[in-house]
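Below you'll find the structure, written out as C-alpha cells, and then a few comments.
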Amino acid sequence: MEKRKKTLHDHFAVIEKMLLTGFAVMLLPIFFESKLWTWVLMFLGFGIMAAACIYRNIYFKCPHCDSKLNVRGVPTYCPDCGEKLI
C-alpha cells in the first residue's frame, strides 16, 4: 500500500491541532486545586505548543524553493518563487 505525501493543508491541520491541544491542556489546571498539577499541566501545554512551532519550522515550507511560509492560513502562491502551492 502506497502512502500519499502530506500536503500543506495536512501540515497546517497538524499545527492547528497541536496548538489547540496545548491550549486545552493549559486550561486544565482550572479543575485542579493542587499546585503541582497546575505547574505540570502548564508546562505540558507549553511544551505541546512549542512542539507545534518546531513542526511548523521543519515542515511548513514551499515544496519548490523550500522557503518558509506564513502560518496564517495556507497561501495559494509562494511569496518567494511565485509557484502555485495548491
If you go through the range 47-79 one residue at a time, how many are more than 13 Å from residue 10 (Cα to Cα), of a type outside the set (S, T, N, Q) and modelled with pLDDT of 85 or more?
10
By residue number, the members of the range 46-86 that are surrounded by 11 or more Cβ atoms within 10 Å (Cβ to Cβ) and charged (D, E, K, R) are 56, 61, 68, 80, 83
Yes or no: residue 58 in contact with a Lys or Arg (Cβ under 7 Å, 6 or more places away or on another chain), of a type in the set (A, V, I, L, M) and in a helix (DSSP H, G or I)?
no
Would you confirm whether or not the range 62-79 contains a residue that is part of a helix (DSSP H, G or I), of a type in the set (D, E, K, R) and out of contact with any helix residue (DSSP H, G or I) (no Cβ under 7 Å at 6 or more places or on another chain)?
no
If the Cβ limit is 9 Å and pairs must be 6+ apart or interchain, which residue in the range 49-75 that is in contact (Cβ under 8 Å) with a residue 24 or more places away in the chain and under 14 Å from residue 19 (Cβ atoms) pairs with which residue that is β-branched (Val, Ile, Thr) and part of a loop (DSSP other than H, G, I, E, B)?
56/71; 60/71; 60/74
Quick one: what pairs do we get from the range 6-26, first residue in contact (Cβ under 8 Å) with a residue 40 or more places away in the chain and in a helix (DSSP H, G or I), second aromatic (Phe, Trp, Tyr) and crowded, with 16+ Cβ neighbours inside 10 Å, C-beta under 6 Å, 6+ apart or different chains?
11/60
Scan the range 27-45 residue by residue and report those that are assigned to a helix (DSSP H, G or I) and surrounded by 11 or more Cβ atoms within 10 Å (Cβ to Cβ).
27, 28, 29, 37, 38, 39, 40, 41, 42, 43, 44, 45
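The values are calculated or read from the model by the stated rules, or taken from the named source; none is laboratory data. Bear in mind the structure is a predicted one, so any value in this text is a computation, not a measurement. All Cβ positions, glycine included, derive from the backbone under ideal geometry; neighbour counts span all protein chains shown.
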